Amino acid sequence: MQKNHYRQLLASIALAALAAGCGTADQLAQVGQQPALNAIQDPTTTPGYRPVQMPMPEPQQVHYNPNSLWQSGSRAFFKDQRASQVGDILTVVVTIDDEAEIENTTERNRTESSGAGVGGALGTAIDTIFLPAGTAASDLANVGSNSSFQGAGSVDREETLQTQIAAVVTQVLPNGNLVIEGRQEVRVNFEVRELIVAGIVRPEDITANNRVASEQIAEARIGYGGRGQITTVQQPRVGNQVLDILLPF
């Protein structure tokens, strides 16, 4: 069992070293160059993309009123400029103001003792034959244990993000809700900042100026990060990350 454990450990270290070597080679090839921007592509063609499937109500047949100026599906007499079909664009107003403060203290104490002995004639025989002088069979075994645990933890987090990003409608669900996804990359000197927004919105939540707030997005996925020289310096080295995962202490 220990040999298998060591083999698995060596294999993990070898894979990590190989991945680190590939990443190092890529970084060396980009020395002195600005980080490259990703090409604009169809989100549905990216690896791992899967259409969103949600519980839907039964479809209702659309009724048309003859001799009426009202266009079915429109919110006004004129054409609606808000996003409604695959490929349409809308603006997502991202507003994140998250603050959390949590404190937790745990304390545990446990004391246990037990004893075993032999009395009567059997105890006298054991005292005489087996036990050394000064030892009684009535106190043949005494076991005691004492354990204590005390832990404390706290979380103090504050995050604020306000920005806007244009997203594309990638799918229209049977009940009319829109699946959207938007990506934005901004390169400043040698650092690329990335913003990703995806989720499901209701057409009713899209305002007249074709905007929707981030808190009105269901199944929202919002990512904000970067890549480049500054991000690389802020990250621990690959070896340290591997040791943090593998070492049990």
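The values are calculated or read from the model by the stated rules, or taken from the named source; none is laboratory data. This one's a predicted model, so the numbers in the text were calculated from it and none came from an experiment. With ideal geometry, Cβ positions are generated from the backbone for all residues, glycine too; neighbour counts draw on all protein chains shown. For accessibility, only protein heavy atoms count, side chains too; no ligands or nucleic acids. Shrake-Rupley method; radii C 1.70, N 1.55, O 1.52, S 1.80 Å.
Between L246 and I96, the modelled label-to-label distance comes to 3.3 nm, taking each label 7 Å out from Cα in the direction of the beta carbon. Taking the 1.4 Å solvent-accessible surface of the stretch 159-234 as the whole, the part contributed by carbon and sulfur is 49%. Heavy atoms of the protein chains alone define the surface here; on that basis the stretch 204-249 has 76 Å² accessible area per residue at 1.4 Å probe size. On the basis of the beta-carbon distance and an R0 of 51 Å, R193 and E112 show a calculated FRET efficiency of 0.30. For D97, the solvent-accessible surface with a 1.4 Å probe is about 120 Å², rounded to the nearest 10. Counting only protein chain heavy atoms and rolling a 1.4 Å probe, the accessible areas of R221, R193 rank, largest first, as R221, R193. The R82 and A152 beta-carbon pair, evaluated with R₀ = 30 Å, returns a calculated FRET efficiency of approximately 0.05. The simple Förster model, with R0 at 41 Å and r as the Cβ-Cβ distance, assigns T44 and N104 a FRET efficiency of 0.40. Note on V179: accessible area approximately 10 square angstrom, rounded to 10, probe 1.4 Å, nucleic acids and ligands left out.
Legend: residues Y224, Y49, sorted from most to least accessible area (1.4 Å probe; ligands, DNA and RNA excluded), read Y224, Y49. Solvent-accessible surface (1.4 Å probe) assigned to F149 amounts to roughly 100 Å².
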